[in-house]
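Shown next, in structure tokens, is the structure this report addresses.
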Amino acid sequence: MSFYDRDPTVPFWRSNVDVDSLFASHTHRSEKAQAWLRYREVSETCTGFQHATLMRGHFEGGILGLHTYHWTFTPTYKGDRAIVLPVYEHGRLVDLLAIARHDCRIWGCVTGVGQYVGDFCDPTREDRSLPISLQVHKTAISWLTSGMGVLPLSKGFFPLLQFAHSIIAQDGPHAWEIANQAFIYPAERLGLDCNAAEQAAFDRISFDEAAS
């Protein structure tokens, strides 16, 4: 269950908003956003780098049980600056991913509709296969600096990771989170063999111990 302390200045969360118009109205100074990313050693060939822009707005924390982040962002014409990336689903702009320029640990989305960002082809909808090893990230800055893999935004996205041949987590706790969200919890909800689901997670998920 998600809980969010709704603020009248946050009109976009989970609402039917025209994200294209919102993006066009508030985006500016993409060169400033790219300079920020370049300073943090984000590759210029990264999709996130190419689409990054600058917006003003404010972040607000919330208990967002259905998402992987804990902040919402509201674009305004005043407020703090944020690095903003468009979130697409089947070619349609559905959300905006925002990272606080003053602290990259603060990040979240505008509408809450976005499922993920990164390199992922949904094999249930397209005749395309996933990469042999899919790197899964847990923060926006990790995904950007890596320049590859996927950053889940919604916990509802995790079960699709079962289609990956192998999954690379960032560390041990992250591997357990993926195992639970992508394999074990779906098996529990469907009344399937949870032990088999856990074994499938062990077989599929790895992480770099030296990096943890």
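A residue that is under 16 Å from the mean Cα position of the chain (by Cα) and farther than 23 Å from Gly149 by Cα occurs somewhere in segment 73-86.
Residues that are closer than 24 Å to Val113 by Cα and among the small types (Gly, Ala, Ser) within segment 34-78 comprise Gly48, Ala52, Gly57, Gly61, Gly62, Gly65, listed in sequence order.
Scanning segment 43-79 for residues that are of a type in the set (Ser, Thr, Tyr) and surrounded by 13 or more Cβ atoms within 10 Å (Cβ to Cβ) yields Ser43, Thr47, Thr53, Thr68, Tyr69, Thr72, Thr74, Thr76. Restricting attention to segment 48-66, the residues that are within 13 Å of Ala140 (Cβ to Cβ) and in contact (Cβ under 8 Å) with a residue 40 or more places away in the chain total 3.
Against the condition within 28 Å of Asp171 (Cβ to Cβ) and assigned by TED's automatic domain parsing to the domain that holds Ser25, how does Thr76 come out, does it pass?
Spelling it out, it is not the case that Thr76 is within 28 Å of Asp171 (Cβ to Cβ) and assigned by TED's automatic domain parsing to the domain that holds Ser25.
When Arg101, Arg40 are checked against the criterion of being under 16 Å from Leu144 (Cβ atoms), touching a residue at least 60 places away in the same chain (Cβ under 8 Å) and surrounded by fewer than 15 Cβ atoms within 10 Å (Cβ to Cβ), a single residue qualifies: Arg40. From the list Ile178, Ile167, the lone residue that is touching a Ser or Thr at 6+ places or on another chain (Cβ under 8 Å) and closer than 17 Å to Lys138 by Cα is Ile167.
The values are calculated or read from the model by the stated rules, or taken from the named source; none is laboratory data. None of these values were measured; they are calculated from a predicted model. Here Cβ is always computed from backbone atoms with ideal geometry, including for glycine, and neighbour counts include all displayed protein chains.
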